[in-house]
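The values are calculated or read from the model by the stated rules, or taken from the named source; none is laboratory data. Not measured: the values here are computed from a predicted model. Cβ: placed from backbone, ideal geometry, glycine included. Neighbour counts: every protein chain shown.
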Amino acid sequence: MKTSKLQWSYIFFVYVFLYLPLIVLIVFSFNDAPTGAVWKGFSLRWYEKLFHSSTLISGLINSLIIGISSATLVTIIGTLSAVTLFRFKFFGKNFIISLLYILIMSPEIIMGISLLLLFKFLSLSLGFQTLLITHITLCLPFVMAVLFTRLSNFDIHIIEAAKDLGANELQTFFHIILPSIFPAVVVAWILSFTISMDDSICAFFTSGPRFEILPQKIYAMVRTGVKPEVNALSTIIFGVSMLIVIVTQIMLKERKR
Amino acid sequence: MEKQEVLVELRQVNKSFDGKSVLNNLDLKIYNGEFLTILGPSGCGKTTTLRLIAGFEHADSGDIILNGKRINNIPANNREVHTVFQNYALFPHMTVFDNIAFGLKMHKVPKTEIKDKVMEVLRIVKLEEFIDRKPHQLSGGQQQRVALARALVNKPLVLLLDEPLSALDASLRINMQKELKQLQRKLGITFVLVTHDREEALSMSDRVIVMNQGIIEQCGTPKNLYEEPNSIFVASFIGDVNVLKGEVLGFEDNLVKAKVEGRICNIKTKKQLNIGDKFTLLLRPEDMRIEKLSEHPDTEGLMVGNIETKIYKGATLDTTIKLNNGTIIKASEFFDEEYEDFDYNMNEQVSVGWVSGWEVILKDERA
Amino acid sequence: MKEHSLFHKVTIGIIVLWLLLFALIPNIIMFVVSFMEYDSSSFVKAVFTLDNYKQFFSDNYFKIFINSFKIAAIATALCLIIGYPFAYILARSKSKYKGLLALLVVIPYWTSALIRTYAISYMLAANGLINTILIKIGIIDAPLKLLYTEGAVIFGFVYTLLPFMILPLYATIEKFDFKYVEAAQDLGASKLKTFYHIILPLTSPGIIAGVVLVFLPALGLFYIPSLLGGGKTMMVSNIIQEQFTTSVIQNWPLGSAASVLITVVMGLMIWAYYKSSKSFQTKVL
């Protein structure tokens with residue numbers, strides 16, 4: 001069946017729907033006027049204002065700290081356990097996998113409040129540590145999913161060959177398994193980092209007032225209306241996201257080879 | 001094979017998976033320097049036996065002994081035994097050199113020594129110019145050689161080969177059979193090969209073990225197994241065979257007088273038989289002899305049937321004969337100078353016999 | 001292999017402990033708290049009560065609860081109506097840029113959903129792009145009230161969640177063997193009947209996956225109703241958020257009860273998804 005012109009135009013309109021709001025946001029981040037959809041001339045003043053906004057900058061720094069540390073930790077934990085889960089049959093394996101499945105399906109708001117209740121129960125004060133735990137828990141099933149997909153076509157005999165040739169458990173992991181799945185590990189890290197940076201739900205419950213991250217700051221600002229410096233920030237975030245998508249796609253392509 | 005020094009021994013080994021018994025009180029000896037093949041259908045326990053020796057599986061009970069030491073509790077990475085895997089299991093992210101050097105690196109061999117050893121083994125398998133290739137840039141046969149080299153470079157006491165030729169196409173497989181055999185002779189390393197291909201087993205091995213359902217059916221030289229199988233299973237697994245039913249009629253000067261599918265004959269055997277005993281007679285198709293019958297034959301005391309199919313095979317004429325009692329006999333006769341154009345008509349009535357002394361008698365236990 | 005090295009024991013130990021402590025136990029606590037009394041000083045009092053649930057089913061909370069499902073359902077239906085033809089056309093096209101086009105659907109998902117919601121509010125605002133254009137070309141005189149309406153909230157959900165509908169649909173239709181369609185037509189079925197009897201049932205695992213992936217987040221994304229719906233408490237996610245984060249109310253047992261109800265709905269939907277995917281022997285997720 002050949003796709004008709006009518007069909008292509010439908011496809012086109014859906015893309016317009018998906019991209020127009022973002023494009024408008026990007027274009028108007030360079031508009032001189034503070035509000036409204038009337039073009040008043042090109043300006044970088046909102047970018048300037050953004051870089052002087054201590055609230056947004058501190059939020060961004062906090063987001064980067066939490067993003068990098070949670071992505072790194074969750075990738076380590078997730079990779080080690082995915083490899084172990086993949087290699088061995090043991091009692092309770094299916095239980096772990098079903099818990100992960102429930103975790104991936106449960107809405108973030110539920111995860112946020114249930115963890116908040118746990119932290120209260122344990123009398124942990126909210127801050128960096130509690131948010132770190134939250135983000136690791138949030139990203140863990142995604143990391144596992146990425147690695148399971150990669151491991152599903154991993155030849156188990158290669159591990160046996162390594163042991164046969166004298167490699168112990170750790171040597172097998174670092175010389176054989178890790179290099180073969182490394183692109184997937186990088187993808188898992190990037191995915192976790194993105195999830196952590198974008199988390200606009202869990203953080204509201206488990207970060208506390210002492211350690212607020214960027215989405216919380218943005219939310220507080222835009223609740224009361226349009227803030228042009230947020231347009232500028234959105235443009236930067238969109239640009240960085242694009243870059244990440246491109247990097248990930250290249251990594252995934254490499255993996256297929 | 002003069003000094004029969006035992007290198008590997010399995011004593012009363014049992015192994016089951018999920019309650020299903022795979023090996024049953026297995027006893028097995030492997031002699032130093034021999035080329036041993038474990039032959040059997042899939043699921044007979046041959047691969048499990050290999051994996052037990054390699055250390056990838058653990059025996060439920062029994063002892064596995066290598067060079068006089070019990071190795072049950074020594075992990076795979078500390079055993080001086082290496083494996084060539086069925087699909088080669090070459091490390092996809094490493095070059096040929098790195099693949100072969102891996103075992104040496106793991107054993108902390110100095111770098112300069114590694115290089116010399118890898119080059120030496122690459123020369124043996126004739127792959128020097130492929131040293132920097134990745135596995136996916138090699139053909140199946142080349143990958144096979146790398147897998148061999150990777151195991152051999154570590155000078156294992158025993159080299160285990162798990163159906164190493166099954167992934168190759170037919171002509172390459174025959175070449176590799178020859179090369180494997182030559183390599184084994186040259187290096188003097190004990191090879192243990194697992195296969196379900198009887199020709200592979202017969203053509204390469206010093207000794208063949210036939211396994212079935214977790215036990216060893218028979219063990220011997222290829223010639224021994226082919227000519228004197230001790231069960232119908234071994235006989236039919238090793239080659240085509242005719243299974244005939246016989247009954248002891250009496251004894252005549254050290255010979256057993258018997259009736260086999262209607263044919264009265266004298267058979268020489270060491271087996272203890274009594275009058276009236278039923279037995280099974282095994283005969284290879286090439287042992288069979290066919291005689292044409294005259295117009296009105298006296299068929300009393302003969303095995304008589306009709307030619308049902310005939311296939312011209314070049315060197316032989318293969319026929320199947322349906323005996324009057326319904327039994328099908330396969331025969332394979334060579335053309336020779338005297339009777340260059342012997343032939344049969346379809347449905348022609350013939351009498352079937354065999355070269356006396358080539359038959360194998362099995363006492364009928366199942367009867 | 002039966003023997004595990006220390007390395008394996010440690011890795012398995014960490015993941016098991018982590019999942020128990022931070023996934024299973026918190027949900028049990030939430031469940032328990034939903035049956036406890038509210039206390040203004042310590043949030044929760046360890047006395048058993050069904051009041052939280054009663055309050056939910058009698059009060060005007062129930063109206064909000066029903067309304068949330070209504071909004072989520074409308075948004076899901078719209079996603080399906082927009083997404084199915086899109087996925088169908090894209091999956092069946094022979095364009096060599098097909099993969100790239102499918103990727104283009106996912107790209108917005110990589111930017112923060114909060115920012116995308118903000119982008120919507122920017123477009124729908126009284127002096128936003130839509131009103132400005134409509135006034136410029138003379139269709140209306142005064143700006144329409146687009147933002148802070150239920151319509152805006154639905155629009156926001158469709159915009160944010162459409163990729164989650166399209167992707168599973170695309171994956172299912174892509175795998176669908178169109179020989180079945182030819183067979184049906186060969187046997188005399190019209191195009192409409194072929195779609196209804198053949199294509200629709202065989203692509204339903206994708207439909208159900210898409211519905212689950214849109215409907216569940218729509219119940220949980222509280223900032224969409226609060227940014228696009230104005231100050232009003234519009235959906236159950238707002239109730240939960242208010243109980244846990246604003247400094248005034250802090251009725252944690254009530255918030256927990258609301259969360260338990262959402263979890264139950266979620267469980268039912270996942271169960272339905274599993275049943276249907278099993279009966280079709282295909283899985284999209």
Out of the helices (runs of 4 or more DSSP H) lying entirely within region C:6-106, which hold 2 or more residues that are of a type in the set (D, E, K, R) and within 28 Å of A:Ser98 (Cβ to Cβ)?
none
Are any of the residues in region B:74-83 of a type in the set (Ser, Thr, Tyr) and either surrounded by fewer than 18 Cβ atoms within 10 Å (Cβ to Cβ) or modelled with pLDDT under 95 (or both)?
yes
Can you tell me which residue in region C:133-159 is nearest to A:Leu18 (Cα to Cα), limited to those that are within 16 Å of the chain's Cα centre (by Cα) and not hydrophobic (A, V, I, L, M, F, W, C)?
C:Tyr159
Hits in region B:78-102 (condition: in a helix (DSSP H, G or I) and under 19 Å from B:Thr190 (Cα atoms)):
B:Asn78
Picking from C:Thr76, C:Thr11, the residue that is crowded, with 19+ Cβ neighbours inside 10 Å and more than 8 Å from chain A (Cβ to nearest Cβ) would be C:Thr76
Condition first: of a type in the set (Gly, Ala, Ser) and either assigned to a loop (DSSP other than H, G, I, E, B) or touching a Lys or Arg at 6+ places or on another chain (Cβ under 6 Å) (or both). Now tell me which residues in region C:172-230 satisfy that.
C:Gly188, C:Ala189, C:Ser190, C:Gly229, C:Gly230
Residue match in region C:116-131 (condition: under 23 Å from the mean Cα position of the chain (by Cα), assigned to a helix (DSSP H, G or I), more than 13 Å from every other protein chain (Cβ to nearest Cβ) and touching a residue at least 60 places away in the same chain (Cβ under 8 Å)):
no
Restricted to region A:228-245, and to residues that are more than 9 Å from every other protein chain (Cβ to nearest Cβ) and crowded, with 18+ Cβ neighbours inside 10 Å, which residue is nearest to A:Ser58 (Cα to Cα)?
A:Glu229
Restricting attention to region C:184-213, and to residues there that are in contact with a Phe, Trp or Tyr (Cβ under 9 Å, 6 or more places away or on another chain) and not hydrophobic (A, V, I, L, M, F, W, C), which single residue is farthest from C:Ile81 (Cα to Cα)?
C:Thr194
Matching option when the condition is within 27 Å of A:Val38 (Cα to Cα) and buried (at least 23 other Cβ atoms within 10 Å of the Cβ), among C:Leu147, C:Leu169, C:Leu162:
C:Leu147
Picking from B:Asp132, B:Asp162, B:Asp116, B:Asp169, which residue would you name as being at pLDDT below 90, among the acidic types (Asp, Glu) and assigned by TED's automatic domain parsing to the domain that holds B:Arg207?
B:Asp169
